[in-house]
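Let me begin by presenting the structure, written as structure tokens, before commenting on it.
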Protein chains: 2
Amino acid sequence: MDWKADIDAAALRIHDHILRTPTARVNGFGLDRAIEMKFEQTQHTGSFKVRGAFNSMLATDAPVAGYVAASGGNHGAAVAHAARALGRRAHIFVPEMAGPAKIALIRSTGAELTVVPGDYSGALRAAQGYEARTGAAQIHAYDAPLTVAGQGTCLREWEEQGLEADTVLIAVGGGGLIGGALAWLQGRRKVVAVEPETAATLHSALAAGPDTQVEASGIAANALGARRIGRICHRLATQYATNSILVPDDAIADAQRLLWCERRQLVEPAGAAALAALTWGAYRPGPGEKVAVLVCGANPEPDPFAQAGQLPAAGQPTIGAATRDISRE
Amino acid sequence: MDWKADIDAAALRIHDHILRTPTARVNGFGLDRAIEMKFEQTQHTGSFKVRGAFNSMLATDAPVAGYVAASGGNHGAAVAHAARALGRRAHIFVPEMAGPAKIALIRSTGAELTVVPGDYSGALRAAQGYEARTGAAQIHAYDAPLTVAGQGTCLREWEEQGLEADTVLIAVGGGGLIGGALAWLQGRRKVVAVEPETAATLHSALAAGPDTQVEASGIAANALGARRIGRICHRLATQYATNSILVPDDAIADAQRLLWCERRQLVEPAGAAALAALTWGAYRPGPGEKVAVLVCGANPEPDPFAQAGQLPAAGQPTIGAATRDISRE
């Protein structure tokens, strides 16, 4: 594959549909140096996932049956948002563990939604069944070239914005975001994968082979809890000798708190995982090493407005929302 | 005064102590055009106020008795933070209406803190008494040249970051931030003041004279609830024919919700007031008019981590915290 060409094409394709998310040079967090950060969690639907979703939809013709996606929540919200923006249909399958905040977010887009008992793998099977029955186009959350190329635009954009870092820390679930980053950077900068100890898909695959399955759990499971690393990511991680650093859930929760207390960024656990590798000391940069942290998701549970009884009234269309909860049948 | 020279000097002085806060070009919010935003609420202590606090401290010798400030909360946190960073003493007087989140924030810095019954004006009187008794240096929240020059660095920085807007919308309490903006811009761009209907200090002063007092109330009162506009701001607003647009509390609450739902920025009401002027239609830009919104504060009530029972354990020093609550005496 010519990843550079694919990511350039993706950037052009999705340009009018995504935000160029802000970056900052930040000191604090108890670290011995300033770090660069990109606040990709301010992207539409609160995560980087819309990049891949728009790229997947815009690169191919839309089937009459629309799109289908399985998701721990963020990818589903992104596919639902992109489908609405492009006037197309989408059916999203999420596991129960996606949680009320992400489920409400998907509902707010008007997409069809099915809540599936269990974890992400069950939602994926249900989505594959729907795909086979209806002819809808499956948009994979992380293991499809168009998805990875779309996510790769995030690092492309960051370099355009003047990224200086030698090393970029990125949280890993199924590997779409870091896959895109590795595909774009092609070894020009070091990429460090950060995973929760409780959802170490890449770490396990690098140690024991690409088919290694893990039982994901813990506070970031609905975003980083794939059962197996994506093949695309695994290939790229092997090619570029990527290390996966593990962090405990406590470290993630602490980084989440630090992002609020020091930078007023309220993120979900997955969004704080990359920072946790630094603040917990799991990754110790060398002298003079310039480090960047990608903040990737902000759909925390509970949603701060839902909690305050201030659920969106205006501005969050719910037109055509059709929801079916197969866990209740 | 040579405001440009004063703001240039302030920028140099505070450079190592503040963050260059991120900016973004954003569409959404139901608006008919993209707007520029600066996320100054990601500044240290969650508001622009540290700019003026550091400038005031670094421009003059520190008295033995340290500093004193009266504040609805954000200025107090900023003075406390700056004092700690510079190894100096600070005593902060806040009204009860500052609320638990801001009071906890000030406490976390280790500053001496006195909670005063009533509104900001009572805290200011108490701070003036303390100043007279101790010889501490008063750092006024908005009506002192060093404070205004410090806040002026915010617009200076935004222009360095490539601000394109014809018009910048800024929330007004006592007028420190907008005063600094007017002083820096000197009419090169239009500045629109935005005030809650319930705390219309500048609006009232422009209509009925600089001494006009208002009874501030409403959801943004602890940040925008000065009783009278600062003289410096009033002079600058008159000189540059600044309009003050009023927005109801509901519009502010709605803009607060939109900032979360669309951009994942959790801010306090004052931080959303400038955006509310656009989303509520109180300010309607002309065809082709490029508009920017300054997001200025993010110490919402309740603090999302306090609420979740996750009050800061590490990383938020409380050393030497001495608190006296004169409302209880």
Ordering A:211-220, A:270-279, A:5-14 by per-residue average of other C-beta atoms within 10 angstrom, highest first, gives A:270-279, A:5-14, A:211-220
Exercise: per-residue mean of other protein chain Cβ atoms within 10 Å, B:19-27 = 5
Residue of chain B nearest the B-to-A rotation axis [by Cβ], rounded angstrom distance | B:P22, 2
Considering every Cα-Cα pair within region B:95-187, what fraction, in whole percent, is farther apart than 22 Å?
-> 44 percent
Report the paramagnetic label zone for B:A34: residues of region A:73-94 whose backbone N is under 19 Å from a point 7 Å from Cα along the Cα-to-Cβ axis.
-> A:82, A:85-86
Heavy-atom surface of region B:50-138, accessible at 1.4 Å and reported per residue (Å²) | 32 Å²
Rounded to the nearest 5, the percent of DSSP beta bridges in chain B running antiparallel is 15 percent
Of the GluC sites (Glu not before Pro) in region B:1-98, which ones lie in a loop per DSSP and count no more than 14 other C-beta atoms within 10 Å?
-> none
Cα-based equivalent ellipsoid, region B:180-302: semi-axes from gyration tensor eigenvalues, Å | 23, 19, 12
Interface residues, region A:264-284 - accessible area loss of 20 Å² or more versus chain alone, probe 1.4 Å | A:R264, A:Q265, A:L266
Rounded to a whole number, what is D in µm²/s for region B:31-163 from Stokes-Einstein with the Kirkwood radius over alpha-carbon pairs (10 °C, 1.306 mPa s)?
-> 105 µm²/s
If you average 1/r over every pair of different alpha-carbon atoms in region A:1-99 and take one over that average, what Kirkwood value in Å do you get?
-> 15.2 Å
Could you work out, residue by residue across A:253-262, how many beta carbons of other chains sit within 10 Å of that residue's beta carbon, and then give the average as an integer?
-> 5
Along Cα→Cβ at 7 Å, what distances in nm separate the B:A5 label point from those on the other copies, shortest first?
-> 6.1
Per residue, how many Å² of accessible area does region A:174-222 show with a 1.4 Å probe?
-> 35 Å²
Roughly how many percent of the accessible protein surface of region B:50-138 is carbon and sulfur, given a 1.4 Å probe and a whole-percent answer?
-> 54 percent
Taking a 22 Å limit on the Cα-Cα distance, which of the listed pairs A:K190/A:K290; A:K38/B:K190; A:K290/B:K38; A:K102/A:K190; A:K38/B:K49; A:K190/B:K38 fall beyond it?
-> A:K38/B:K190; A:K290/B:K38; A:K102/A:K190; A:K38/B:K49; A:K190/B:K38
Quick one: pull the percentage of alpha-carbon pairs in the protein assembly as shown with a separation above 40 Å.
-> 29 percent
Once amide H atoms are placed 1.01 Å from N in the peptide plane, what residues at a sequence separation of 5 or more from A:G297, or on another chain, have their amide H within under 5 Å of its amide H?
-> A:Q41, A:E268, A:G271
What accessible area, summed over both chains, is buried at the B-A interface (1.4 Å probe, Å², nearest 100)?
-> 2900 Å²
Quick one: work out the % antiparallel among DSSP beta bridges in the protein assembly as shown, nearest 5.
-> 15 percent
222 nm [θ] for chain A, helices only, -39500 (n - 2.57) per DSSP H run of 4+, per residue, to 500?
-> -12500 deg cm²/dmol
List the extent of the Cα atoms of chain B along each of their three principal axes, largest first, rounded to whole Å.
-> 55, 47, 39
Per-residue average of Cβ from other chains inside 10 Å of A:34-41 | 2
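The values are calculated or read from the model by the stated rules, or taken from the named source; none is laboratory data. None of the values given here were measured: they were computed from a predicted structure. Note that each Cβ is placed from the backbone with ideal geometry, even for glycine, and that neighbours are counted across all protein chains shown. Accessible surface areas use protein heavy atoms only, side chains included; no ligands, DNA or RNA. Shrake-Rupley method; radii C 1.70, N 1.55, O 1.52, S 1.80 Å.
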